[in-house]
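Q: This is the structure I want to talk about, given as structure tokens.
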Amino acid sequence: MARPVVMYGIGATKAGTSWLYRYLAAHPDCYLRSIKELHFFDSHEKGSRDWHLKQFENTGASLGRKIAGGQDGVNGWASLHLAEIGVYSGILRNGDETAYLAFLHDGRDKESVVGDITPCYSLLSAKCLAHMAEIAGDARFVYLMRDPVDRLWSHVRMIAKRRSKDGGDIPERAARIFDKALDGQEDHIVERGDYRATLEKLEKALDPEKVFLCTYEELFSDEAVQRLCTFLGIRPMPGQYDSRAHVGIPVPMTAEQIHRAAEFLRPQYDYVASKLGQMPRGWGAAMAGA
């Protein structure tokens with residue numbers, strides 16, 4: 001059996017990676033495990049292994065309760081997910097790259113692509129990205145971007161929802177988190193949308209022919225999916241473009257927030273436009289009033 005392409009989905013956060021995972025997981029030429037975000041490389045470079053192991057433990061406990069209550073999902077998905085978490089947690093704990101790659105492949109039949117879609121891989125160093133490519137054989141990297149203001153606000157709302165106990169205070173929480181992000185107190189939100197930093201590392205570490213760039217605004221279309229499938233060497237398959245994951249609670253931005261975010265993120269707009277030769281389609285609405 002020929003060795004498959006290893007596809008790394010490296011972000012950005014809130015730019016369509018969950019939809020990308022679902023699309024590729026359903027594609028007959030791809031084999032993805034039930035765990036979307038494996039966090040193998042960031043766990044070791046960023047020192048977050050124990051935190052991620054705890055998250056897997058919590059997810060496993062939740063799945064166990066669902067299974068005990070007769071909620072195993074379609075085709076026993078919860079049981080499968082629980083079993084894979086158990087196997088993978090041991091691999092993550094040991095940090096064994098050979099075992100990690102074997103996990104991506106185990107259970108594959110004739111599929112020509114395996115993958116790991118972990119958005120925070122965009123924060124990894126150029127050295128680590130180059131190493132990921134080296135150990136995988138034929139590695140290909142997918143990096144999704146989204147209008148910077150829209151991405152920032154979507155990320156802010158996601159964090160606000162996670163921190164809310166009952167959902168009733170999400171607008172107020174979002175406003176506070178937004179202010180902190182622009183003041184440098186929630187830097188993890190801003191880092192996840194630092195397209196310039198990621199693109200510069202990708203350019204330094206990888207063959208440009210092995211990098212696929214697409215925007216959230218263009219992703220949900222036959223044209224973008226055709227381009228993605230060509231890049232991965234798989235048959236084109238239409239996607240379900242109206243089933244986007246994790247859209248979030250609709251909390252509108254104020255005019256002041258839009259203006260502040262646009263000014264704060266102007267360097268990202270300018271860099272991506274210079275890199276691609278033009279502003280991506282669907283970007284820049286917030287810049288008009290900035």
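Q: Check LEU24, LEU82 and return the single one that is farther than 27 Å from ILE189 by Cα and in a helix (DSSP H, G or I).
A: The conditions single out LEU82.
Q: Scan (1) β-branched (Val, Ile, Thr); (2) surrounded by 15 or more Cβ atoms within 10 Å (Cβ to Cβ); (3) in a helix (DSSP H, G or I) for the single condition VAL114 breaks and write down its number.
A: It fails just one condition, (3).
Q: Next question, about the same structure. Looking only at the stretch 246-264, filter to residues that are within 23 Å of TRP19 (Cβ to Cβ) and either charged (D, E, K, R) or open to solvent by less than 50 Å² (accessible area, probe 1.4 Å) (or both); which one of those is modelled with the highest pLDDT?
A: The residue in question is MET253.
Q: Also: Give the residues of the stretch 27-58 that are surrounded by fewer than 18 Cβ atoms within 10 Å (Cβ to Cβ), in a helix (DSSP H, G or I) and in contact with a Cys (Cβ under 9 Å, 6 or more places away or on another chain), sorted by residue number.
A: HIS44, GLU45
Q: Output the qualifying pairs, or none if there are none: Cβ atoms under 6 angstrom, residues six or more apart or on different chains, first residue in the stretch 66-86 and open to solvent by less than 60 Å² (accessible area, probe 1.4 Å) and modelled with pLDDT under 95, second residue small (Gly, Ala, Ser) and assigned to a helix (DSSP H, G or I).
A: Pairs found: ASP72/ALA78; ASP72/SER79.
Q: Can I ask one more? Can you tell which of ARG235, ARG227, ARG260 is in a helix (DSSP H, G or I) and touching a residue at least 40 places away in the same chain (Cβ under 8 Å)?
A: Answer to the check: ARG260.
Q: So which residues in the stretch 153-180 are within 20 Å of the chain's Cα centre (by Cα) and crowded, with 16+ Cβ neighbours inside 10 Å?
A: Across the stretch 153-180, the qualifying residues are TRP153, SER154, HIS155, VAL156, ARG157, MET158, ILE159, ALA160, LYS161.
Q: Against the condition open to solvent by less than 40 Å² (accessible area, probe 1.4 Å), among the hydrophobic types (A, V, I, L, M, F, W, C) and out of contact with any strand residue (DSSP E or B) (no Cβ under 6 Å at 6 or more places or on another chain), how does PHE141 come out, does it pass?
A: No.
The values are calculated or read from the model by the stated rules, or taken from the named source; none is laboratory data. These figures come from a predicted structure and were not determined experimentally. Ideal geometry is used to build each Cβ from the backbone, glycine not excepted, and the neighbour counts take in all protein chains shown. Just so you know, the surface numbers come from the protein's heavy atoms only, side chains and all, with ligands and any DNA or RNA stripped out. Shrake-Rupley method; radii C 1.70, N 1.55, O 1.52, S 1.80 Å.
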